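Here is the structure we will look at.
Coordinate-derived values only; no laboratory data. For clarity, every value in this text was computed on a predicted model and none was experimentally measured. Here the Cβ positions follow ideal geometry from the backbone for every residue, glycine too, while neighbour counts run over all protein chains shown.
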Amino acid sequence: MAGQFEAVPGGGAAVALDEVEMSILRSLAVQLLELVGPGEEPVDGEDPLASLFSEGPSKPPDDPALARLFPDAYGDEEPDFSSEFRRFTENDLRARKREDALALVRTLDQAGAGEPDGGSADGDPGAPHEDAREPRGATRRGRRKRAARALPEGSVLLTLSPEESRHWLGALNDLRLTIGTRLDVSDEDETEDGGLYRLPDDDPRKPMVMAYLWLGALQETLVETLMP
């Protein structure tokens, strides 16, 4: 269980993480939220349909990480089609990526990974839920089962609903894409014989590389858990 997702009865997934792991995940998710940018605030009196079909940018982002998160739909072959597609889809895609990251932050806050300076996951991600050690949607039976499980010392069992699991999967994927772009890694680098596994300890990239590989392992086990 420790460090990998497992299926739970009724759908969803569970994973045991310690405080350091939850803090790292939360910090990365908050940075992702800052990169993606704030959600669009509704204007008083605005037609909801008009807001739904509002136009977004027509050009890809300059930031390489954002360009990886919001790629051209048709590549370089059809720039006009890509531009039109982006105008009417990027705002919605940006909102969904933000929703995924916020869901991850909220789950971690409820598990006790919130920052000590206060705040909330809706704006300034911050303080944990008052019932922080208890995963969302817990039942008495579930609590008894968790208490009976042998978890690593200092770990907390996070139990995700099917919807939360899908949000986590989206957020983990976005985090890996962002970090991978910053590290400029290739598929060959990710193999066991690749460069990522042979970095010396004094390489300044080592912490982010370790985070990248760890996120990949989390994502892989979550995908396997959610497969029918």
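Some notes on this structure:
- Contour excess over end-to-end distance, with Cα ends at Asp62 and Val223 and 0.36 nm allotted per residue: 54.9 nm
- For Gly11, no residue has an amide H sitting under 5 Å from its own, ignoring neighbours fewer than 5 places away on the same chain, with H placed 1.01 Å from N.
- Residues with amide H under 5 Å from that of Asp18, placed H, sequence gap 5 or more: Val156
- Placing a pseudo-label 7 Å from each Cα along the Cα-to-Cβ vector at Arg198 and Glu19 gives an inter-label distance of 3.9 nm.
- Maximal additional length on extending the Phe81-Ser186 stretch stands at 35.0 nm, based on 0.36 nm per residue less the C-alpha distance.
- Packing-based ranking, highest mean first, of 101-109, 213-221, 159-167 given that Cβ atoms within 10 Å are counted: 101-109, 159-167, 213-221
- Taking segment 2-16 and a reference point 7 angstrom along Cα→Cβ of Glu163, the backbone N atoms nearer than 14 Å belong to 12.
- Placing pseudo-labels 7 Å out from each Cα toward the beta carbon at Ser27 and Gln4 gives an inter-label distance of 2.7 nm.
- Cβ-derived FRET efficiency at R0 30 Å, Arg205 paired with Glu99, nearest 0.05: 0.50
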